[in-house]
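This report concerns only the one structure given below.
Values in this text are rule-based calculations from the coordinates and carry no lab data. Everything numeric here is computed off the predicted structure, so don't read it as measured data. Glycine gets a Cβ as well: all are built from the backbone with ideal geometry, and neighbour counts include every protein chain shown.
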Amino acid sequence: MALALDSDTITHGIQLAVAPVFLLTAVSGMIGAVAGRLARIIDRARAVEDRARAHPDLMARAAAELAELRLRGRLANGCIALLTTCAFLIGLTIILLFLGETTAFQSSRWAVGGFLSGVVCFLLALLCFLTETVIATRLLNFQLLEPPTGP
């Protein structure tokens, strides 16, 4: 595998490999957002467990909420796993694109496969994120916010 030392070839390789970096930026932002949601899910679960221990009469309602929090936590974990896999595949794509441009290594099919696999992981992560947020908003009980009656 000979390394091409032509500066135009190397410049083009860098340009080609930099394009997927924008997807990595989106992935890192999503990981931050989902990690924040996961932290709030864990904090809420701890609060519900503490409240249930202090008031055993609330155990049934606490168990139902904890089941939903567990599902939300699993979705958030799955989302983070998919996003991490996406980032790995996009990083691999960048390496393959650069190697394919600067050496005789034929990597275009591998690069396409890695990039498409990364995009599929990103889309699946978005579905996990959407599902988790839908479940989270189902917990909201707006009936408690009835306007006061009388003076």
Order these by the 10 Å Cβ neighbour count, fewest first: MET30, MET59. MET59, MET30
Stretched fully, the stretch from LEU127 through ALA26 gains (0.36 nm per residue minus C-alpha distance, one decimal, in nm) 34.8 nm
For Cα Rg over 2.2 N^0.38 Å, with candidates (i) 1.15; (ii) 1.58; (iii) 0.98, the value calculated from the shown model is option (ii)
To the nearest 10 degrees, how steep is helix 7-18 against the longest Cα principal axis of the chain, on a 0 to 90 scale? 20 degrees
About its Cα centre, how strong a charge dipole does the stretch 21-61 have in debye, to the nearest 20, once Lys and Arg get +1 and Asp and Glu get -1 at the Cβ? 60 debye
Specify which residue in the list ILE41, ILE95, VAL27 is farthest towards the positive end of the charge dipole of the stretch 11-137, using unit charges on the beta carbon of Lys, Arg (+1) and Asp, Glu (-1), about the Cα centre. ILE41
Charges at C-beta only: +1 for Lys and Arg, -1 for Asp and Glu. How large is the resulting dipole of the chain about its Cα centre, in Debye rounded to 20? 520 debye
Positive-end residue of LEU130, GLY118, MET59, charge dipole of the chain with Cβ unit charges: MET59
Proxy reagent accessibility, fewest Cβ within 10 Å first, across ARG109, ARG72, ARG44, ARG61: ARG109, ARG61, ARG44, ARG72
Which net charge results for the neighbourhood of THR102, defined as the other residues with beta-carbon distances under 14 angstrom from its beta-carbon, given Lys and Arg at +1 and Asp and Glu at -1? -3
Using 0.36 nm per residue, how much length does the chain from ALA64 to ASP8 gain when fully extended, once their Cα-Cα distance is taken away? 13.9 nm
Tell me, VAL21, VAL119, VAL34 in order of fewest to most beta-carbon neighbours within 10 Å? VAL21, VAL119, VAL34
Angle between the Cα long axis of helix 108-138 and the longest principal axis of the chain, 0 to 90 degrees, nearest 10? 10 degrees
Work from the charge dipole of the stretch 11-137 (Cβ charges, +1 for Lys and Arg, -1 for Asp and Glu, about the Cα centre) and give the residue of ALA104, LEU69, CYS79 farthest towards its positive end. LEU69
